[in-house]
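Heads up, the thing below is written out as structure tokens.
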Amino acid sequence: MITVFGATGTTGAPLVDALLAKGAKVRAVTSDPAKLDALNAKGCEAVTANFTDPAALERACAGADRIYLVTPAHLDMRRWKANAIEAAKAAGVRHVVLATGLGASPKAKVTFGRWHSETQELLKQSGMDWTFVQPTYFMQNLLWQAQGIAKTGIYHDDLGGPVAWIDARDIADVAAEALTGSGHEGKTYGLTGPEALTGADIAAILSEVTGRSITCAPLSAEDSKAAMIAGGMQDEVAAAMVELASIAPKGYLAGIETTVSDVLGRPARRFRDFVAEHRDAFVQ
């Protein structure tokens, strides 16, 4: 049994599909009871659990030998993951695949890197086997702007530098391999796409794929933070997101990792193909 937390999220949903395609027995965990039927329809054992409910977390882990652990970006995410790690250990889980972020380490210079590192160190000390998947920015994040791009023809760039975007499905496929294969214990997998793109590059790809003239407009840190807070993000988390974006102009998000091809034996998905797949979202 493999328990997948965040089973309806950006990486969890495709991970459930990837595991089922491999014939794995999957317990899909969601905090929203309204999503249980859809998960059960996929062939999962679907359950609800909240990261603040230790008993529910332990039930979600009961009988599982491996779990995938991811939480939303939230001020309490370190406590939430600690609760899940404790529950997994109590339930006898052998191996935890933990989603953190590229560059997470005790020496990280950005807040998210240090937050993620705390959880990584906690898992290392748990006695369970571990694998860390550390992705960069998700291509799926572009869809947050799709309606605005379709309406205005403007891509708002809040990064200001090259970023090696990765498709969340590649993250899921690597996690699925780590959860079902062997030899992944104790590995840290930095995950990026095959190319680093600037905001101008993204606008050019959008223009070519849609046949429209899409321009790139910089989005200030202040406006970016305000937009995230307006969308329901906590002030401290929005500030950490802005801090992370601030290292892009220095080239710190442009490094290319070959992990996807190394682990899966195929290339990582390209940004242009992602945009082509979702072309209709960017046109009126």
**Qualifying positions in segment 41-71 - closer than 25 Å to LYS124 by Cβ, in contact with a Ser or Thr (Cβ under 8 Å, 6 or more places away or on another chain) and outside any helix (DSSP H, G or I)** = ALA49, PHE51, ALA64, ARG66, ILE67, TYR68, VAL70
**Message:** Suppose we keep only residues that are among the aliphatic types (A, V, I, L, M) and touching an Asp or Glu at 6+ places or on another chain (Cβ under 8 Å) within segment 16-45. Which one would you say is surrounded by the most Cβ atoms within 10 Å (Cβ to Cβ)?
**Reply:** ALA28
**Prompt:** Here are ALA18, ALA13, ALA38: which of them is out of contact with any Lys or Arg (no Cβ under 7 Å at 6 or more places or on another chain), over 19 Å from VAL174 (Cβ atoms) and part of a helix (DSSP H, G or I)?
**Reply:** ALA38
**Asked** In segment 267-281, which residue that is in contact with a helix residue (DSSP H, G or I) (Cβ under 7 Å, 6 or more places away or on another chain) and either of a type in the set (Ser, Thr, Tyr) or not in a helix (DSSP H, G or I) (or both) is surrounded by the fewest Cβ atoms within 10 Å (Cβ to Cβ)?
**Response** PRO267
**Message:** Which count do you get for residues in segment 172-208 that are outside any loop (DSSP other than H, G, I, E, B) and farther than 22 Å from PHE271 by Cα?
**Reply:** 6
**Asked** For segment 142-199, which residues satisfy the criterion of being aromatic (Phe, Trp, Tyr) and either modelled with pLDDT of 95 or more or closer than 30 Å to GLY23 by Cβ (or both)?
**Response** TYR155, TRP165, TYR189
**Asked** If you take the residues of segment 178-195 that are buried (at least 20 other Cβ atoms within 10 Å of the Cβ) and over 11 Å from PHE132 (Cα atoms), which of them is farthest from the chain's Cα centre (by Cα)?
**Response** LEU179
**Residues that are of a type outside the set (Val, Ile, Thr) and surrounded by fewer than 19 Cβ atoms within 10 Å (Cβ to Cβ), drawn from segment 255-266** = GLY255, SER261, ASP262, LEU264, GLY265, ARG266
**Request:** Pairs only if they're at least six apart or on different chains, beta carbon under 9 angstrom, first in segment 144-161 and without any contact (Cβ under 8 Å) to a residue 24 or more places away in the chain and over 15 Å from SER207 (Cβ atoms), second of a type in the set (Val, Ile, Thr) and not in a helix (DSSP H, G or I); list them, first residue then second.
**Result:** GLY148/ILE154
**Complete:** Taking segment 209-244 and keeping residues of a type in the set (Gly, Ala, Ser) and either in contact with a strand residue (DSSP E or B) (Cβ under 9 Å, 6 or more places away or on another chain) or in a strand (DSSP E or B) (or both) leaves ALA217, SER224, ALA227
**Message:** Quick test of your reading of the structure: ALA226 fulfils all but one of (1) under 23 Å from the mean Cα position of the chain (by Cα); (2) in contact (Cβ under 8 Å) with a residue 60 or more places away in the chain. Name the failing condition by number.
**Reply:** (2)
**Item:** Residue list for segment 203-242, restricted to those being modelled with pLDDT under 95 and under 26 Å from VAL174 (Cβ atoms)
**Value:** VAL237, ALA240, MET241
**Asked** Quick check, is ALA248 farther than 18 Å from HIS116 by Cα, surrounded by 20 or more Cβ atoms within 10 Å (Cβ to Cβ), touching a Gly at 6+ places or on another chain (Cβ under 8 Å) and of a type in the set (Gly, Ala, Ser)?
**Response** yes
**Asked** If the Cβ limit is 8 Å and pairs must be 6+ apart or interchain, which residue in segment 62-77 that is on the phi > 0 side of the Ramachandran plot pairs with which residue that is part of a loop (DSSP other than H, G, I, E, B)?
**Response** GLY63/MET1
**Filter pass, LEU206 being more than 27 Å from TYR68 (Cα to Cα) and either within 17 Å of the chain's Cα centre (by Cα) or surrounded by 17 or more Cβ atoms within 10 Å (Cβ to Cβ) (or both)** = yes
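The values are calculated or read from the model by the stated rules, or taken from the named source; none is laboratory data. Since the model is a prediction, treat every value here as computed from it, not as a measurement. So basically every Cβ, Gly included, is an ideal-geometry build from the backbone, and we count neighbours across all protein chains shown.
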